[in-house]
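Here is the structure we will look at.
The values are calculated or read from the model by the stated rules, or taken from the named source; none is laboratory data. Quick caveat: nothing in here was measured; it's all calculated off a predicted structure. Cβ atoms come from the backbone with ideal geometry, glycine included; neighbour counts cover every protein chain shown.
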Amino acid sequence: MSRIMLIDDDTSLREVVAFTLREQGHEVDAHGTGESAFGSIESFRPDVVITDLKMPGIDGMEVLRRVVDIDATIPVIMLTAFGSITDAVEAMRHGAYDYLTKPYDRDELRLTIEQALERRRLLLENRTLRDRLHEETRRVEFVHASAAMQEILAMIRRIAPTEATVLLTGESGTGKEVLAHALHSCSDRWDKPFVAIDCAAIPRDLMESELFGHTKGAFTGAVKDKPGKFQRADGGTLLLDEIGDLPPELQTKLLRVIETRLVDVVGGQQPVPVDVRLIAATNADLEEKVQRGEFRHDLYYRLHVIPIHIPPLRARADDIPALWEHFVRRYAGDSPVRSSPGLVRALMARRWPGNVRELANVCQRLVLLRSTDVLQADDLPPEEQRSEGTGGEAVTGGGSSRNRDAGRSSGDFLGELPHDQLSLNDVERDIIVRALAKHGGNRSRTAAYLRIPRHVLLYRLEKFEIK
């Protein structure tokens, strides 16, 4: 049984229509005024609304507007006299489902209601599927186990519904683009485009066209109009990866787009409005680039609204076993491949200068070249010794003076190692406690002293239960 709300100030017609609808098996809530109808619409919750177009007080057009505001899936059918058909057509332009002229035909009324109910059923089904898809999309597929990454993902979920620009920083391979996807999928723009552009991979003379688009004939080779990344991301999210490599002249144009939300297409006559949520990512130190005059300070502050630093894999070793098993399942498929405990220990002891990307590559290599279904530590390729800088330069011989000094400053105070076993966890805990005491319990100064990000220190404090 369907619920139909009927609104008509003509008492005799209202009673006849109500009788017909009940005879057809519908539950009817009949009203002589729009005011009366909206007093009970929330409790009655109609599947269809049938309303006269011309009424004193709240007329049919106002009924239509209010119903659409309450629930746009409820079809509204207009009843109108023959001379008001033009008004009924206008109502359909504003969202009415259909109109019937008075006097109405019983079969036409029945058929119109059946079609309206079918339309509502499809709309509700579509809404349910979209909601289900949204919930599936909102599940952030970011494999992790460390407290540091849990904190970052909690931040992602908090800021996703906002329009704030986000700056993701971290070494190459830490998962900045994956986090950008997660941010987009948790936002209200989840069903709109997610577009990414690598500012370091596109030649300098093509970058403006890639970002802002061009018109036919704007330059040699421009044989047709081409929308830029901003236009393609309209309504959605644009990731500007490796933003630190954007040429200075384009930094100025990007700043103008951020401020005005207008894109100047190459060769175009008029600016094009865009609605885009911006995420920038970089493995460079943008503050240092600003100080050297290589990056505009005003653009930096426009991008630096919500900064999120993703720590390298070596600073969140607790993530390594979960990530490794994730990659094993990806590359092994249905094969029963497993990893030995020794392999897992060896994985966690490595530095992983290429971060998660390197871990994935090594996993793929071991799975494809395995001789048995048990992966062993001996299967690992030799580890490349690299510096901790974002560039990942190989350290040869004695290394740079900075690294040699760091080695002396981080080792001399340990003294002679004991002959029996030594607990690395105990040593690490003792160092953190002593460093905290040295800096009066100030965690920021302690983190800087230990040359680790502050959130890594907070994770270690929690791990070792240091109060």
Per the filter on the range 325-361, residues touching a residue at least 40 places away in the same chain (Cβ under 8 Å) and on the phi > 0 side of the Ramachandran plot are W352, N355
message: Any residue that is in contact with a helix residue (DSSP H, G or I) (Cβ under 9 Å, 6 or more places away or on another chain) and of a type in the set (S, T, N, Q) - is there at least one of those in the range 211-230?
response: no
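Yes or no, residue by residue, for (1) at positive phi; (2) surrounded by fewer than 15 Cβ atoms within 10 Å (Cβ to Cβ); (3) not hydrophobic (A, V, I, L, M, F, W, C):
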{"residue": "I432", "(1), (2), (3)": "no, no, no"}
{"residue": "K438", "(1), (2), (3)": "no, yes, yes"}
{"residue": "G441", "(1), (2), (3)": "yes, yes, yes"}
{"residue": "H455", "(1), (2), (3)": "no, no, yes"}
{"residue": "K463", "(1), (2), (3)": "no, no, yes"}
{"residue": "K467", "(1), (2), (3)": "no, yes, yes"}
Condition set at pLDDT below 95 and basic (K, R), scope the range 216-241, selection surrounded by the most Cβ atoms within 10 Å (Cβ to Cβ): answer is K226
When every residue in the range 286-303 that is surrounded by fewer than 17 Cβ atoms within 10 Å (Cβ to Cβ) and touching a residue at least 24 places away in the same chain (Cβ under 8 Å) is compared, the one nearest to the chain's Cα centre (by Cα) is D298
Restricted to the range 347-360 and to residues being surrounded by 16 or more Cβ atoms within 10 Å (Cβ to Cβ) and in contact with a Ser or Thr (Cβ under 9 Å, 6 or more places away or on another chain), the residue farthest from P311 (Cα to Cα) is L347
Counting only helices (runs of 4 or more DSSP H) entirely within the range 50-140, those with at least 2 residues that are surrounded by 14 or more Cβ atoms within 10 Å (Cβ to Cβ) and at pLDDT below 85 are 85-93, 106-138
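I'm checking my understanding of the structure. Among residues of the range 30-41 that are in contact with a helix residue (DSSP H, G or I) (Cβ under 8 Å, 6 or more places away or on another chain) and farther than 22 Å from A81 by Cα, which one is surrounded by the fewest Cβ atoms within 10 Å (Cβ to Cβ)?
Our first condition is that a residue be in contact with a helix residue (DSSP H, G or I) (Cβ under 8 Å, 6 or more places away or on another chain); within the range 30-41, this holds for 30-32, 34, 37-38, 41.
Now restrict to residues that are farther than 22 Å from A81 by Cα: 38, 41.
Values: F38: 18, I41: 21.
Once the filter is applied, the top-ranked residue is F38.
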